[in-house]
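The values are calculated or read from the model by the stated rules, or taken from the named source; none is laboratory data. Computed from a predicted structure; not experimentally measured. Note that we place each Cβ from the backbone using ideal geometry, even for glycine, and neighbour counts take in every protein chain shown.
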Amino acid sequence: MNSKWRVRILIGLLAAVLAAAIYFPILKQRVKKQARVQQTSEEQARRELVQSLNANSNEPKVKAKLFWASDSEDGTLAPTIVELPLSNDPVLRAKQVLNTLLAGPVDAELHTLPSDAALLAFYILPNGTAIADFSEAMANSIPSGVQSEQLAVDSITETLEANVPQVRRLKILIHGQEVETLAGHLDLTGAFPVNGKAVALVVPQKK
Amino acid sequence: MSRLLSKTILILAGAVLTGSLVARSQNPAQGLAQNSASPSRSGLNIVVLDPAHGGTDPGARGTGGIRESDIVLDLAAQLKRNLESQGFQVMQTRTTNENPSFDDRSALANAQTGAIFLTLHVSSTGLSGTVRAYTMPDMPIAQARGGLIPWDQAQAAYLPLSRKLGDAIQGELTQRFKGSPANVQTAFIRQLRTTAAPAIAIEISSVSMQDKANLDRMLPGVADAVVRGVVVFRPSYVTPAVPGVPPGARP
């Protein structure tokens, strides 16, 4: 092979490397964008599905007790009575009250949960342990701190306690995953007691 | 796996050096804290300070640019000086901008004899200029197995002492910072659960202050009140009884 060909091959290789260097970041960005769109639309679909539970219900309206932040005492919750067409099915009922809790009171200052967070799934196991799966905004948008994180969890557990007697304990997941803390402080590795304060934090016993 | 193994070795080495032994298995749920092999000194001698967050985790952030991870490091330095002047030995889970894991922070306290643990925080919310002390809520008392208590429930046996410590400190804080609660609060704080010592969290409100100088001005008062509370608590310190652990042995 003469030197002319060697130079041509070298130039060809360099051109290929250069093209790859330019193209790969564009490709990476496209893949990322695609994943984001897909995730957002999934969450949107789930949110619409859950929200439609309240809108389509034919149940008569009953007085539900929801716990948002108190406007008179710092760091505490206060019950608010909201008329909702609550289902008799405990899972649907829990979804209805939690979605109303997420939507928040009229006064945005009294929100306990991030307004962009969504309930993705809710189940109740036969032993009374409920699993509530929230979108990532629940962990990412909540103000970080012991007080704010505890208030968020308390507003969920107290609202469930007041409206869904079948729930004994609550396990919180973030986007389907078990996480160590809500936003750096509150322990989400166990289940929180609901309906009976005598039931203490249940620490998972790994085998 | 190798990270866990190296962590276990590190904790064992640290524990052996300090004269008491904390053993961790590779499964944290089966990790167990073992009694001190050497005769334990009685009384409270050591205060472990835990400035929360750090490294890539700034903790709570205010619109005025205040970062929780920086403020708690300043508070720890002031607390250290005041505590040492009262004759306490002070250990810190971090002294620079790094972020040890929750378990590593607990491990430092769990390897000591006669220690209390204070985790330091600044919140995003709450009435500005107030300070709260927190303990864990009720936990099931863990049954020790072969003289070892489960790592995941290490705080359980210490809860009554933690409440006493929290009330002593909250009492001092409330006198100085009006609007703070009268009693120690409870919260499921991850950092406290694995700590085998009287342990509380202290949280200042808040990073939402526009001027960092206002928050900085609170720190000497917080440090002074906390140290006064620790001194009030000191005579109450006893070795708690743990089911399955012989009396006199340190859980």
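Out of all the residues in region B:164-185, is one or more in contact (Cβ under 8 Å) with a residue 60 or more places away in the chain and within 12 Å of chain A (Cβ to nearest Cβ)?
no
What are the residues in region B:90-111 that are farther than 20 Å from B:Tyr237 by Cα, within 14 Å of another protein chain (Cβ to nearest Cβ) and surrounded by 15 or more Cβ atoms within 10 Å (Cβ to Cβ), if any?
B:Asn99, B:Pro100, B:Phe102, B:Asp103, B:Asp104, B:Arg105
Out of (1) closer than 21 Å to A:Ser70 by Cβ; (2) within 13 Å of chain B (Cβ to nearest Cβ); (3) out of contact with any Leu (no Cβ under 6 Å at 6 or more places or on another chain); (4) at pLDDT 95 or above, what's the single condition that is false for A:Thr189?
So A:Thr189 meets the others, but not (1).
Which of the following residues is farther than 28 Å from B:Asp211 by Cα, among the small types (Gly, Ala, Ser), away from every other protein chain (no Cβ under 14 Å) and more than 16 Å from the chain's Cα centre (by Cα): B:Gly87, B:Gly65, B:Gly114?
So the residue among B:Gly87, B:Gly65, B:Gly114 that is farther than 28 Å from B:Asp211 by Cα, among the small types (Gly, Ala, Ser), away from every other protein chain (no Cβ under 14 Å) and more than 16 Å from the chain's Cα centre (by Cα) is B:Gly87.
Only one residue in B:Arg94, B:Arg163 is of a type in the set (Lys, Arg), at pLDDT 95 or above, under 19 Å from B:Ala76 (Cβ atoms) and not in a strand (DSSP E or B), so which one is that?
Answer to the selection: B:Arg94.
Would you confirm whether any residue within region B:187-204 is part of a helix (DSSP H, G or I) and acidic (Asp, Glu)?
No, region B:187-204 has no match at all.
Could you list all residues from region A:140-183 that are on the phi > 0 side of the Ramachandran plot and at the interface with chain B (Cβ under 8 Å from one of its Cβ atoms)?
Across region A:140-183, the qualifying residue is only A:Gly145.
Are any residues in region B:112-155 touching a strand residue (DSSP E or B) at 6+ places or on another chain (Cβ under 7 Å), in a loop (DSSP other than H, G, I, E, B) and over 30 Å from A:Leu113 (Cβ atoms), and if so, which ones?
Across region B:112-155, the qualifying residues are B:Gln112, B:Gly114, B:Ala142, B:Gly147, B:Ala154.
Does B:Ile149 qualify as being more than 14 Å from chain A (Cβ to nearest Cβ) and among the β-branched types (Val, Ile, Thr)?
Taking the combined requirement at face value, the residue does not satisfy it.
What number of residues within region B:208-244 satisfy the criterion of being in a helix (DSSP H, G or I) and among the β-branched types (Val, Ile, Thr)?
Total satisfying the criteria: 6.
Please go through region B:69-126 and give me each residue that is in contact with a Pro (Cβ under 6 Å, 6 or more places away or on another chain) and among the hydroxyl-bearing types (Ser, Thr, Tyr), ordered by number.
B:Ser69, B:Thr93, B:Ser124, B:Thr125
Going by the structure shown, is A:Leu173 assigned to a helix (DSSP H, G or I), under 12 Å from the mean Cα position of the chain (by Cα) and of a type in the set (A, V, I, L, M)?
For A:Leu173, the condition - assigned to a helix (DSSP H, G or I), under 12 Å from the mean Cα position of the chain (by Cα) and of a type in the set (A, V, I, L, M) - is not met.
Tell me, yes or no, whether region A:93-106 has at least one residue that is over 19 Å from the mean Cα position of the chain (by Cα) and on the phi < 0 side of the Ramachandran plot.
Scanning region A:93-106, I find at least one residue that is over 19 Å from the mean Cα position of the chain (by Cα) and on the phi < 0 side of the Ramachandran plot, so the answer is yes.
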